[in-house]
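A short write-up of the structure that comes next.
The values are calculated or read from the model by the stated rules, or taken from the named source; none is laboratory data. Source: prediction; values computed, not measured. All Cβ positions, glycine included, derive from the backbone under ideal geometry; neighbour counts span all protein chains shown. Protein only, heavy atoms only, side chains kept; ligands, DNA and RNA dropped before computing areas. Shrake-Rupley method; radii C 1.70, N 1.55, O 1.52, S 1.80 Å.
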Amino acid sequence: MEYKIHKNRPGLLGDIASLMGMLDINIVTINGVEDRTRGMLLQTNDEEKIDLMGKMLKKVDNITITALRPPKLVDILAVRHGRYIERDSDDRKTFRFTRDELGLLVDFLGEIFKREGNQVIGLRGMPRVGKTESIIAGSVCANKRWTFVSSTLLRQTVRSQLSEDEMTTNNVYIIDGIVSTIRSNEKHYSLLQEIMAMPSTKVIEHPDIFIRESEYTYNHFDYIIELRNTPDEEINYDSFTYTSEPF
């Protein structure tokens with residue numbers, strides 16, 4: 001539930017909480033959201049009580065109910081962190097973060113990584129903005145093991161094979177889209193295709209280059225995440241070097 005406060009009089013929250021208590025509706029989490037609204041995650045064993053509560057609160061002059069629905073991931077994170085994740089209005093699978101929102105990004109990734117099955121996540125961003133570090137931190141939050149398939153975090157990494165315990169659906173596979181498509185070799189690309197076919201989570205840095213240089217398309221991605229140093233930073237690939245030989 002989310003509501004806008006018109007007059008924040010003393011005891012307003014207590015009155016709302018008392019109403020929920022009488023209806024046996026539990027408040028799991030509560031927080032102000034972006035200084036405009038207050039958000040709550042509620043729990044009940046009777047959906048009709050939620051509908052009844054919503055009708056009753058519509059009669060309260062000091063507030064306006066702006067949302068009353070089963071929570072989506074973005075709702076849960078908004079209540080936890082006090083702000084909504086910026087989402088592209090045209091492309092609903094694209095989410096935007098800035099470097100000062102790394103805690104929110106890590107929490108977002110952690111929740112996605114907890115899900116089972118095939119997931120492909122693209123992560124756009126300029127060098128040294130925190131892409132790989134966020135993926136690793138999100139893996140820790142989800143209690144998942146992470147595996148570098150290709151990377152430039154410490155030095156250029158191009159794997160041509162993985163051990164048996166690394167080839168598991170419980171892993172988060174980290175792929176550098178530039179290294180895997182432009183700087184790799186045939187054995188690496190064969191491994192990449194095998195991993196992409198697995199029912200597991202894959203995070204691909206520089207997804208635009210990955211799409212441009214491989215047979216994979218935008219439709220293969222479930223999420224596209226953009227990470228910037230500042231909100232107006234342009235993500236471009238003019239400064240990237242594509243010709244290095246793989247180790």
Handout entry: Magnitude of the charge dipole, the chain, Cβ model with Lys/Arg +1 and Asp/Glu -1, debye to 20
Key = 660
Handout entry: Most positive-pole-ward Cα, 158, 104, 62, against dipole of the chain from beta carbon charges
Key = 62
Completion exercise
Length gained, residue 169-residue 27, 0.36 nm per residue minus C-alpha separation, equals 47.6 nm
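So what is the relative contact order of the range 35-164, in percent, for Cα pairs below 8 Å that sit 6 or more residues apart?
Value for the range 35-164: 15 percent.
What number, in percent, do you get for the relative contact order of the range 110-240 if the mean sequence gap of Cα pairs under 8 Å and at least 6 apart is divided by its residue count?
Details: 222 pairs, mean separation 48.5, N = 131.
The value is 37 percent.
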Exercise for the section: For residue 200, list long-range residues whose amide hydrogen, built 1.01 Å from N in the peptide plane, is under 5 Å from its own amide hydrogen. Expected result: 118, 119
Practice task
Taking a cut-off of 17 Å between Cα atoms, list the aspartates and glutamates near residue 55, but don't count ones fewer than 8 places away on the same chain.
Solution key: 2, 15, 24, 46, 47
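Could you compute the longest span of the chain free of GluC sites (Glu not before Pro) located in DSSP loops and having at most 14 other Cβ atoms within 10 Å, not counting the site residues?
The answer is 117-214.
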Problem - DSSP-defined antiparallel bridges as percent of all bridges, the chain, nearest 5 - result: 45
Handout entry: Sequence-distant lysines (8 or more away, or on other chains) whose Cα lies within less than 28 Å of residue 114
Key = 72, 93, 131, 144, 202
Problem - Sparse-neighbourhood loop sites, trypsin sites (Lys or Arg not before Pro) in the range 126-162 - DSSP loop, at most 11 other Cβ within 10 angstrom - result: 128, 155
Practice task
Would you work out which of 37, 117, 73 lies farthest towards the positive end of the dipole of the chain? Charges go on Cβ: Lys and Arg +1, Asp and Glu -1.
Solution key: 37
Practice task
Among 182, 209, 171, pick out the residue whose Cα is farthest towards the positive end of the charge dipole of the chain, where Lys and Arg carry +1 and Asp and Glu carry -1 on C-beta, about the Cα centre.
Solution key: 171
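Hey, if we sort 149, 140 by accessible area with the 1.4 Å probe, largest down, what's the order?
On the way: 149 0, 140 90 Å².
The ranking, largest first, comes out as 140, 149.
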Completion exercise
Of 90, 222, 176, the most mobile residue in a GNM of the chain (C-alpha springs, cutoff 10 Å) is 90
Problem - For the range 17-31, Karplus couplings with θ = phi - 60° (6.51, -1.76, 1.60), whole Hz, Gly/Pro x - result: 5, 5, 4, 5, x, 5, 8, 6, 9, 8, 8, 7, 9, 9, 6
Practice task
Could you list which residues have their amide H under 5 Å from that of residue 123, counting only those 5 or more apart in sequence or on another chain, with H placed in the peptide plane?
Solution key: 204, 205, 206, 225
Fill in the blank from the handout: Computed over the chain: longest principal axis from alpha-carbon atoms vs helix 186-196 long axis, angle to nearest 10 degrees, is 20
Exercise for the section: With label points built 7 Å along Cα→Cβ from the Cα atoms of residue 9 and residue 45, find their separation and express it in nm. Expected result: 3.5
Handout entry: 3J(HN,Hα) from dihedral phi, the range 173-184, Karplus parametrisation 6.51/-1.76/1.60, rounded to Hz, x for glycine, proline
Key = 8, 9, 10, 8, x, 6, 4, 6, 10, 10, 9, 9
